[in-house]
Amino acid sequence: MKEVKKRSECPISYCLDFFGDKWALLIIRDIALNDKYTFGDFLSSDERIATNILTNRLKMLEAEGFIVKYPVPGKARVGYCLTEEGISLIPVVIEMSMWGAARNINGYRKELGIELRKDKAKVIKQLTTKFTKKYKSVMKSLEQTEDSNNGTQKRD
């Protein structure tokens, strides 16, 4: 896992300690803006992240508290959900997206750009609400699974 080392007290440097390489921020983007949640979803992104780097960044983001891993119901795989810390990055991702879209005429997600230009605060609130509900649901499910497993262990 990529170890995060604090280089200075500068707030910008602190941000770059976590998101100085593009992969961590692109994973956050994929969850927040592209409705991607699984390892396979992230691999299908246009940037073509290598599997070892994806594994590394997912572990780092989880260890640092930006995402949480959860079992996908009915599937033999896991999903990733933004935590409260990860949700706090939505306005940052939105601002970066808007900045990039204004300079990249070949950008995609034009419908999102239209919504953002109309009412950016509303879009941020909607995304924040969506992921807060998802995070609470995931945490409740994980707690129930843990309680169920603890009950099974106590009976043995």
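The values are calculated or read from the model by the stated rules, or taken from the named source; none is laboratory data. Keep in mind the model is a prediction, meaning the values are calculated, not measured. Note that we place each Cβ from the backbone using ideal geometry, even for glycine, and neighbour counts take in every protein chain shown. The area values use the complete protein model at the heavy-atom level, side chains included, leaving out ligands, DNA and RNA. Shrake-Rupley method; radii C 1.70, N 1.55, O 1.52, S 1.80 Å.
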- Query: How large is the Kirkwood hydrodynamic radius of segment 20-156, in angstrom, based on all distinct alpha carbon pairs?
  - Reply: 16.3
- What percentage of all Cα-Cα pairs in segment 1-77 are separated by more than 21 Å? 29
- Sketch the reach of a paramagnetic label on residue 130 as a point 7 Å from Cα along Cα-to-Cβ, and name the residues of segment 1-43 whose backbone nitrogen lies under 13 Å away. 29-37
- What spacing in nm lies between the two simple spin-label points modelled at residue 102 and residue 119, each 7 Å away from Cα in the Cβ direction? 2.2
- What dipole magnitude, in Debye to the nearest 20, does segment 1-75 give about its Cα centre under +1 on Lys/Arg Cβ and -1 on Asp/Glu Cβ? 160
- Mind counting lysine pairs for me in segment 1-82? Cα separation below 25 Å, and the two need to be 8 or more apart along the chain or on different chains. 18
- Leaving out ligands and nucleic acids, note down the accessible area per residue over the chain with a 1.4 angstrom probe, in whole Å². 65
- Note on the structure: From highest to lowest solvent-accessible area (probe 1.4 Å; ligands, DNA and RNA excluded), 129, 83 read 129, 83
